[in-house]
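Remarks on the structure that follows.
A short reminder: the numbers here are calculations on the coordinates, not readings from a lab. Since the structure is predicted, the reported quantities are computational estimates derived from the model, not experimental observations. No Cβ is skipped: glycine too gets one built from the backbone with ideal geometry, and neighbour counts run over all protein chains shown.
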Amino acid sequence: MDTTSTPANIASLIARNLVPAVGVLFLGWSAGNLLVLYYLDTILSFAVVMVLIAGHVTGLGKAGTRGRPIRGPLDWVKACAGSLLGAILIGLPLCVPLVFVLSAFDWSISAALADRGFLAGLAMQTAGSIYGGLQAHRDLLARSDDDRVLNHRAAFIFARWLVVLIVAFSGVSGLLGPWIGGTLIVLAYAGASVYFELFPERALAWLHPKDRK
């Protein structure tokens, strides 16, 4: 477990992640909208990690510039655009099971775009990703283990979504419908978020079991 975690921090982490499931069960929130937001958050998180790798590990891919931080507006534009494109390409196969789940839930993109809560969530995710990326950039400037930090963050993002894909592939959520089945997938995402946040080494160990041995 993360040694910096305290009972209060753990309780807060669990509560934050359970709120969406409670919303679906008791407040009429759309499980489909939440799953789309979770997927988009995964894409944005991958993009942030990729731009941080470009700035702190590969130096925007230039030879001999390992560890060179991104400098200037042009570097930022190049890194952000390339990272977002890369994250979208990586994320395409990851959304296939989600498409089938949303189809079973009769989810509609037009209805989602007409939902102010969905649009507000999307805006908050985008703003949060930008702020989180800038904060992580500042934090990494003061560290010397950029590779390790970013490797663990990438593993966290992928492992969390992989849990969602496993539940989606099982087909159980589609059979149970958007209320119970949707809550099940939301809980899978929440549970994975809490677990891998508390035990950050286990995401990497799960994805790379041979390295663990």
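Its relative contact order, with pairs defined as Cα atoms under 8 Å and 6+ residues apart, puts the chain at 32 percent. For the chain, hydrophobic long helices are taken as DSSP H runs at least 20 Å long by C-alpha position along their axis with mean Kyte-Doolittle hydropathy of 0.5 or more; these are 7-26, 31-53, 72-91, 146-170, 172-198. Taken over the alpha carbons of the range 20-212 as equal point scatterers, the Debye sum produces base-10 log I(q)/I(0) values at 0.16 Å⁻¹ of -1.06.
Only helices enter this figure: runs of n ≥ 4 DSSP H residues, each worth -39500 (n - 2.57), summed and divided by the residues of the chain, yield -26000 deg cm²/dmol at 222 nm to the nearest 500. Between the beta carbons of T58 and L92, assuming R0 = 22 Å, the FRET efficiency works out to 0.45 to the nearest 0.05. The stretch between A8 and Y131 holds 41.9 nm of extra length on full extension. This uses 0.36 nm per residue minus the Cα-Cα distance.
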